[in-house]
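Peer 1: Sharing a structure with you now.
The values are calculated or read from the model by the stated rules, or taken from the named source; none is laboratory data. Computed from a predicted model, the values in this text were never measured in an experiment. Methodologically, a virtual Cβ is constructed for each residue, glycine included, from the backbone with ideal geometry; neighbour enumeration extends over all protein chains shown.
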Amino acid sequence: MTTKTKFRTALLMTVSAGLLAACGGSGDVDSDLVTLHRGNSAEPLTLDPHKASGTWENNIIGDMFIGLFTDDVYGSPIPGMAESWEVSEDGLTWTFELREATWSDGVPVTAHDFEYAIQRILAPATLAQYASLLYPIENAQAVNQGEMPPEAVGVEAVDDDTFVIRLENPAPYLPGLLTHYTTFPVPRHVVEEVGDQWVQPEHIEVNGPYQLVQWSTNNFVHVERNELFFDNENVCIDEVFYYPTVDSSAGVRRVQNDELHVNNEFPGQHIDRLRREIPEYVRVYPYMGTVYFSMNNDIEMFSDVRVRNALGMAINREFLADEIYRDGRAAAYSLVPPNVANYAGGVSTEWADWPMEQRRERARELLVEAGYGPDNPLEFEYTHRSTGDNPRIAPVVQQDWESIADWVNVEIVQIETQIHYENLRSADYQIGDGGWIADYNDPYNFLFLAEERSIPMNYSRYRNAEYDDLLARGNRELDMEVRASLLAEAEQAMIDDMPLIPIVFYVNRAVVSPDVTGWEDNVVHIHRTRFMCLNSAQTADAGSSGDTASE
C-alpha cells in the first residue's frame, strides 16, 4: 500500500502565469532585449551545482537549472521537473514522474540524468563540500565516504520518465530539499564528454530558464534566456548580468545611480538614511538563518568546554543586534531560529538574562578554572568575512572578549569571503565568523551542522555521540511531535557544550528598484529571475503595440 499524492504542474504553471500576468510578464520581446542587472554579494567560485556552496552561487545556478522541485516567487517549493509523485506509507520511498523537457541543446532531460547527478555529487572524487546535505538518502553517507560504490546510493531511474528516491529516514522536508542545487540534474551526455569543463560557456547545457553566455571573473556573469526551457513562454527577462558586489555600500550606490536594478544586501547602519532617501527601494524581511562563530574544537584551547562557554557568554549579542546591525535582527542563543517548522524549540542558556558584567565575571572564573591567567594568557586569532557588516562586528567582539580579563588577547584578521569559508571547511582557523541560511524549512538543516558526519560543513569539528544519536532517533521518528522534542533535546545538549557561538538571527536585506516587478520578499531570500519583469519593458511593449495598432 502507498499513500498517493498527485500534484499536477499544469495548475501551478497557470498560477505562475497569472503572477507574471499580474506583473506584466511577457515572453514576446520583439525588439531590444529586456536586461536585468543584479548585484550578487561575491564572486562565485564555481557554477557547478555539485561544487557550489554559497548563496551568491545559488542565485545564478538556480536561474540555470531546475530540480524535481523549484522555488516559487514566495520562496516556497513547487514542482519543477516533477510532474507528479507518490510517497510510500512508511515515508521512505518517493517515486517521481517527470515532465517532458529538454536540455538547451534539445537532448531530452531524463530520470537517468537525475540518477547520474546524485551518484556524481556523492562520489568521493567529486570533492563536493555540500554532499552531506544528501545523507538522508539511503547509503548516501557510505557512498560519499568511499565505503560503497556510487551505484549503491538509493536512487533509481526506472525508465526515462520515472525516478525513485529511497531514504534512510522519513523526510517530511524532502520537497524543500529537492529545490536545492545539490539535487539538480546535470547533462550526463556533456559531463561524460568534457568532464569538469562542462560548466564553461562553450560546453554548458541547462534545463532552466537561462543559459550561461559569459563569465568575466570578478566582473560579471552573463546569462541569456533558454528558448527550450519548458516554461519559456512565461519568462519576461531576456538576459541577466550578476555582479559580485562585495562592497554592499557601493552596490547600493549603483542601484541609486540606475546601474543595477537590485543589490541583494545593504549595510545595516545605513538603513535609516536609505529609508529616508529611497524608501521604495528598501526591503527588510525575516530570514531563515543564523550568524554564528565557529571554534576549532581540534585546537587544544577550544577542546575545553569551559573556554568555549566563557567566550560564548562574554559576547553582548543585544548590543550587536541593536547598535551595530540595526536592521531588526534578534540576539541568538540557539542555532535554530524561531518559527522554523516541525520544531519544539525551547533551547536556552542559564546566563542569557544575566547582566553583562555578571556574565563576564563568570567567563573569567571559567577561564581561570581552565588554567588561564596572567602567567598563561588566552590568545587566539579571530578571522572574519570581508563582506557586509562583518568588518564592523569584529572589533566589537574583540572588545567583548578582551573585557573578560587583561590576559585575554584577540587578533583580528579579515579574509575574502570565499577563502574564509574554505578555511573553515579545512579547519585552517581558530575562531571564525560565518552564517547559515537554511536550505529547507526544518530544524535538521541547522542541527546537522554539528553532526560529526557533517564534517567539513561542521566547521567546529564537534564530536558528540549523544548529540548524533538524538538526531538519528529524531529523524527515524514518524510522530512529528516526538521528533521535534528529540531534536530540541539534541540542540540543548549541543548549546550546553557551546562548540559554536550563535550570535544573531538573520533578516534579509536588499535594495530593489521600483522598476522591478515580481520580486516578493520571503524567508529564504531566493528570487528567481524567471518570475521578474521590468515596468519599463512593459511600458515599451505597450507603446510598441499601440504604435502597431495605430498604423
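Peer 1: Testing Ile237 on (1) more than 30 Å from Tyr325 (Cα to Cα); (2) free of Cβ contacts under 8 Å to residues at least 40 places away in the same chain, one condition comes back false. Which one is that?
Peer 2: (2)
Peer 1: Can you tell me how many residues within the stretch 207-234 are farther than 24 Å from Ala117 by Cβ and either under 24 Å from the mean Cα position of the chain (by Cα) or surrounded by fewer than 19 Cβ atoms within 10 Å (Cβ to Cβ) (or both)?
Peer 2: 8
Peer 1: Sticking with this one: Can you name every residue in the stretch 69-119 that is of a type in the set (S, T, N, Q) and out of contact with any Lys or Arg (no Cβ under 6 Å at 6 or more places or on another chain)? Steps first, please.
Peer 2: Initial filter on the stretch 69-119 (of a type in the set (S, T, N, Q)): 70, 76, 84, 88, 93, 95, 102, 104, 110, 119.
The answer is Thr70, Ser76, Ser88, Thr95, Thr102, Ser104, Thr110, Gln119.
Peer 1: While we're on this one: Please work out which residue is surrounded by the most Cβ atoms within 10 Å (Cβ to Cβ), limiting yourself to the stretch 276-328 and to residues that are small (Gly, Ala, Ser) and farther than 26 Å from Glu422 by Cα.
Peer 2: Once the filter is applied, the top-ranked residue is Ala310.
Peer 1: Let me ask something else about it. Could you list all residues from the stretch 38-85 that are touching a Phe, Trp or Tyr at 6+ places or on another chain (Cβ under 9 Å) and on the phi > 0 side of the Ramachandran plot?
Peer 2: Ser41
Peer 1: Another one. Would you pick out the residues in the stretch 317-358 that are assigned to a loop (DSSP other than H, G, I, E, B) and aromatic (Phe, Trp, Tyr)?
Peer 2: Answer for the stretch 317-358, where residues must be assigned to a loop (DSSP other than H, G, I, E, B) and aromatic (Phe, Trp, Tyr): Tyr333, Tyr343, Trp351, Trp354.
Peer 1: All but one of (1) in a loop (DSSP other than H, G, I, E, B); (2) of a type in the set (Gly, Ala, Ser); (3) touching a helix residue (DSSP H, G or I) at 6+ places or on another chain (Cβ under 8 Å) hold for Ser294; state the number of the condition that does not hold.
Peer 2: (1)
Peer 1: Ok, one more. Which residue pairs have Cβ atoms closer than 9 Å, lie 6 or more positions apart in sequence or on different chains, and pair a first residue in the stretch 385-398 that is closer than 14 Å to Arg509 by Cβ with a second residue that is part of a helix (DSSP H, G or I) and of a type in the set (Gly, Ala, Ser)?
Peer 2: Listed by first residue and then by second, the contacts come to Thr387/Ser248; Gly388/Ser248; Gly388/Gly268; Asp389/Ser248; Asp389/Gly268.
Peer 1: Only residues that are assigned to a helix (DSSP H, G or I) and acidic (Asp, Glu): list them for the stretch 103-118, please.
Peer 2: Initially, the stretch 103-118 is screened for residues assigned to a helix (DSSP H, G or I), giving 111-118.
Across the stretch 103-118, the qualifying residues are Asp113, Glu115.
Peer 1: So, one more: Just give me the residues in the stretch 387-426 being over 23 Å from the mean Cα position of the chain (by Cα) and among the hydroxyl-bearing types (Ser, Thr, Tyr), in sequence order.
Peer 2: Ser403
Peer 1: Here's something else I'd like to know. Given the residues Asp238, Asp258, which is the only one that is out of contact with any helix residue (DSSP H, G or I) (no Cβ under 7 Å at 6 or more places or on another chain) and not assigned by TED's automatic domain parsing to the domain that holds Thr70?
Peer 2: Testing whether each residue is out of contact with any helix residue (DSSP H, G or I) (no Cβ under 7 Å at 6 or more places or on another chain) and not assigned by TED's automatic domain parsing to the domain that holds Thr70 leaves just Asp258.
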